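Undergrad: The structure under discussion is supplied below as structure tokens; questions concerning it will follow.
All of the numbers you see were taken from the coordinates with simple rules; none came from a lab. Since we're looking at a predicted model, the values are computed, not measured. Methodologically, a virtual Cβ is constructed for each residue, glycine included, from the backbone with ideal geometry; neighbour enumeration extends over all protein chains shown.
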Amino acid sequence: MGKIVIISGPSGAGKTTVCAQLQKYPGVRKSISVTTRLPRHNEKNGVSYHFVSVPEFEEMLRRGELAEHARYCGHYYGTLVRTLKESLASDTLLILEIEVQGALQIMKKFPEAMSIFLMPPNSDTLGRRLLTRNTNEKQDIELRLETAEKELSYKDRYQYSVVNDDLEVTVDTIRKILGLV
């Protein structure tokens, strides 16, 4: 029987980096979300995300193909139902790296899902991470910082909260929570 693990937190908390480290363990894979935003320079369709147009996303939603969806910083994001069903039918630990809105929907539809909220050590570190990753415009960074403040208020809705101050310690903490050896 597979397991669904939600990892969410504000943009810049280190979700992508942490999830990449967790995928190195046997039987762990990351769900590939659908999004309407444009790919960043280092992202590939079908690997980083499934990049689709707004009409394509809306059609997927209408057909019931998305287990959750959210609008985040002007773009749509969602998780494919078939990915969750395939994972639950296997021995896979499926990581959903999703925003708070989507995480709350998955927690309601899949109460057996484990949920982890990844937090930055402080707002200064968060702002610095968003700036140094050099993939967002100034206006987008400001919107992500505003959104982060709202998202942090949901951390108590998750089973676990982990501060990502040191990557190795963070990954080790989550590894232990998930029972990965």
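Undergrad: Given Lys30/Lys155; Lys85/Lys150; Lys155/Lys176, which pairs have Cα atoms separated by over 29 Å?
TA: Details: Lys30/Lys155 21 Å; Lys85/Lys150 31 Å; Lys155/Lys176 19 Å.
Pairs exceeding the cut-off: Lys85/Lys150.
Undergrad: With +1 on each Lys and Arg Cβ and -1 on each Asp and Glu Cβ, and nothing else charged, work out how big the dipole of segment 3-178 is about its Cα centre, in Debye to the nearest 20. Please report the intermediate quantities before stating the final value.
TA: Working: 25 positive and 23 negative charges, 68 e Å.
Using Cβ point charges on Lys, Arg, Asp and Glu, segment 3-178 gives about 320 debye.
Undergrad: For a test of the definition: using alpha carbon positions, the gyration tensor, and the 1.5 limit on a/c, classify segment 1-77 as rounded, prolate or oblate. Write down the numbers at each step before the final one.
TA: Details: a/c = 1.82, a/b = 1.39, b/c = 1.31.
Prolate, because a/c is 1.5 or more and a/b exceeds b/c.
Undergrad: Let me ask something else. Name the long-range amide H neighbours of Tyr76: under 5 Å, sequence gap of 5 or more, or other chain; modelled H, no Pro or chain starts.
TA: Here the answer is Thr36, Arg37, since their amide H atoms fall under 5 Å of that of Tyr76.
Undergrad: Roughly speaking, what is the stretch gain from Cys73 to Glu58, that is 0.36 nm per residue apart minus the C-alpha to C-alpha distance, in nm to one decimal? Before the final figure, lay out each step's value.
TA: Working: separation 15, 0.36 × 15 = 5.40 nm, distance 1.70 nm.
Using 0.36 nm per residue and subtracting the Cα-Cα distance, I get 3.7 nm.
Undergrad: Give the residue from Tyr49, Ala103, Ser87 lying farthest towards the positive end of the charge dipole for the chain; charges sit on Cβ (+1 for Lys and Arg, -1 for Asp and Glu) and the dipole is referred to the Cα centre.
TA: Positive-most Cα among the choices belongs to Ser87.
Undergrad: Now for a separate question. For n ≥ 4 DSSP H runs only, could you compute -39500 (n - 2.57) per run for the chain, divide by its residues and tell me the 222 nm figure to the nearest 500? Before the final figure, lay out the partial values.
TA: Values: 7 runs with 72 residues, N = 181.
Roughly -12000 deg cm²/dmol at 222 nm, from the helical runs in the chain.
Undergrad: Neighbour counts of other C-beta atoms within 10 Å: give me Met1, Met119 arranged from fewest to most. Show your work: numbers first, answer last.
TA: On the way: Met1 9, Met119 20.
The fewest-first ordering by Cβ neighbours comes to Met1, Met119.
Undergrad: Would you list His50, His41 from fewest to most Cβ contacts within 10 Å? Don't skip to the end; give the middle numbers.
TA: Details: His50 16, His41 6.
Going from least to most buried by this count: His41, His50.
Undergrad: At a 10 Å Cβ-Cβ cut-off, how would you order Thr79, Thr36, Thr17, fewest neighbours first?
TA: Values: Thr79 27, Thr36 19, Thr17 16.
Least crowded to most crowded, the residues run Thr17, Thr36, Thr79.
Undergrad: Sticking with this structure for a sec: Suppose we keep just the DSSP beta bridges with both residues in the chain; what percent of those would be antiparallel, to 5?
TA: Working: 8 of 27 bridges.
Here the share of antiparallel DSSP bridges comes out near 30 percent.
Undergrad: Just to verify a number: FRET efficiency for Asp156 and Tyr25, C-beta to C-beta distance, R0 = 22 Å, to 0.05?
TA: Working: r = 28 Å, r/R0 = 1.26.
About 0.20, to the nearest 0.05.
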